[in-house]
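Trainee: One structure coming up, written as structure tokens, with questions to follow.
What follows is calculated from the coordinates using simple rules that are stated; it is not laboratory data. Every value quoted in this text rests on a predicted model; they were computed, and no experiment measured them. Neighbour counts are summed over all protein chains in view; Cβ atoms, including those assigned to glycine, are modelled from backbone coordinates with ideal geometry.
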Amino acid sequence: FETFDVSHTVEKLRFGRGYPGDIHQLDGAKRNVTDSYGMYQYYFQIVPTEYRFLNGTVIKTNQYSVIEHMRHVQPGSKRGLPGVYFFYEVSPLHVQIEEYRHGWIRFFTSVAAVVGGVFSAMRMMDAYIFSKSGSRRTLSPF
């Protein structure tokens, strides 16, 4: 072969079932390689993942991160062949993702914090405007 075309498209790549909010970096990735003796390499780090829903259902799946590398292979150098290669290793770490809800106490605390912040800001603005207006209050004894 005189030349190799290693241009490629990754339509969909998964290492397990999907879950809400998952990200797949290579979905729809198109790589147009103009080097006729190119070696395109993907290095995957696969991380086992457990996703727990509010109702107790558990999905055991995997996430991945990927590093891409393109290098030129000199014909006759015995350093590999042109092509697309996938290398992977499974991480010894395990990720657990759990859905949860904040209770009513947190909601009421957040509302109270917002109301208190608005009250404090308005009080400071009132004091600033009063000090710049130049008027002085006189207290009457009655």
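Trainee: Given R₀ = 30 Å, FRET efficiency for HIS69-ARG17 by Cβ-Cβ distance, to 0.05? Provide the component values of the computation, followed by the final result.
Mentor: Values: r = 29 Å, r/R0 = 0.95.
The calculated FRET efficiency here is 0.55.
Trainee: Of the trypsin sites (Lys or Arg not before Pro) in the range 1-108, which ones lie in a loop per DSSP and count no more than 15 other C-beta atoms within 10 Å? Write out the running numbers ahead of the final one.
Mentor: Values: sites: LYS12, ARG14, ARG17, LYS30, ARG31, ARG52, LYS60, ARG71, LYS78, ARG79, ARG101, ARG106; in loops: LYS12, ARG14, ARG17, LYS78, ARG79, ARG101.
Here the trypsin sites (Lys or Arg not before Pro) that fit, given the DSSP loop and packing criteria, are LYS12, ARG14, ARG17, LYS78, ARG79, ARG101.
Trainee: Report, in deg cm²/dmol and to the nearest 500, the calculated mean residue ellipticity at 222 nm for the chain, where each DSSP H run with n ≥ 4 adds -39500 (n - 2.57) and the sum is divided by the residue count. Intermediate results must be reported in sequence, preceding the final value.
Mentor: On the way: 1 runs with 30 residues, N = 142.
One gets -7500 deg cm²/dmol as the mean residue ellipticity at 222 nm.
Trainee: Could you point to the residue in PHE87, ILE105, GLY28 farthest towards the positive end of the range 12-142's charge dipole, with +1 and -1 charges on the Cβ of Lys/Arg and Asp/Glu respectively?
Mentor: ILE105
Trainee: So, one more: Using only Cα atoms, tell me the angle between helix 104-133 and the longest principal axis of the chain; keep it within 0 to 90° and round to the nearest 10.
Mentor: Helix 104-133 and the main axis of the chain meet at about 60 degrees.
Trainee: Count charges around TYR43 for me, please; just the other residues with Cβ under 14 Å from its Cβ, Lys/Arg as +1, Asp/Glu as -1.
Mentor: Values: positive: ARG71; negative: GLU68, GLU89.
Residues near TYR43 contribute -1 overall.
Trainee: For semi-axes √(5λ) of the Cα gyration tensor in Å, the listed values are (i) 27, 16, 14; (ii) 62, 26, 11; (iii) 37, 22, 13; which was obtained by calculation from the structure presented?
Mentor: (ii)
Trainee: If you don't mind, another one. Test of the criteria: in the range 1-50, which chymotrypsin sites (Phe, Trp or Tyr not before Pro) are in a DSSP loop and have at most 12 other Cβ atoms within 10 angstrom of their Cβ?
Mentor: Sites meeting the loop and neighbour criteria: PHE1.
Trainee: Please compute the length gained on full extension between ARG123 and THR109, using 0.36 nm multiplied by the number of residues separating them and subtracting their Cα-Cα distance. All intermediate terms of the calculation are to be shown ahead of the outcome.
Mentor: Numbers: separation 14, 0.36 × 14 = 5.04 nm, distance 2.10 nm.
Additional length available on full extension: 2.9 nm.
Trainee: If I stretch the segment between HIS24 and THR3 completely, what's the gain in nm (0.36 nm per residue apart, minus their alpha carbon distance), one decimal? Could the numbers behind the result be given before it?
Mentor: Working: separation 21, 0.36 × 21 = 7.56 nm, distance 3.16 nm.
My answer for the length gained is 4.4 nm.
Trainee: By DSSP, what percent of the beta bridges with both residues in the chain are antiparallel, rounded to the nearest 5?
Mentor: Of the beta bridges lying entirely in the chain, close to 60 percent run antiparallel.
Trainee: Then there's this: Which of the chymotrypsin sites (Phe, Trp or Tyr not before Pro) across the range 77-107 are loop residues per DSSP, with 15 or fewer other Cβ within 10 Å?
Mentor: On the way: sites: TYR85, PHE86, PHE87, TYR88, TYR100, TRP104, PHE107; in loops: TYR100.
Counting only loop positions with at most 15 other Cβ atoms within 10 Å, the chymotrypsin sites (Phe, Trp or Tyr not before Pro) in the range 77-107 are TYR100.
Trainee: Sticking with this structure for a sec: What spacing in nm lies between the two simple spin-label points modelled at ASN32 and GLU99, each 7 Å away from Cα in the Cβ direction?
Mentor: In this crude label model, ASN32 to GLU99 measures out at 4.2 nm.
Trainee: Determine which lysines satisfy two conditions relative to LYS30: a Cα distance under 30 Å, and not lying fewer than 8 residues away in the same chain.
Mentor: Of all the lysines, those that pass the test against LYS30 - Cα under 30 Å, at least 8 places apart if same chain - are LYS12, LYS60, LYS78.
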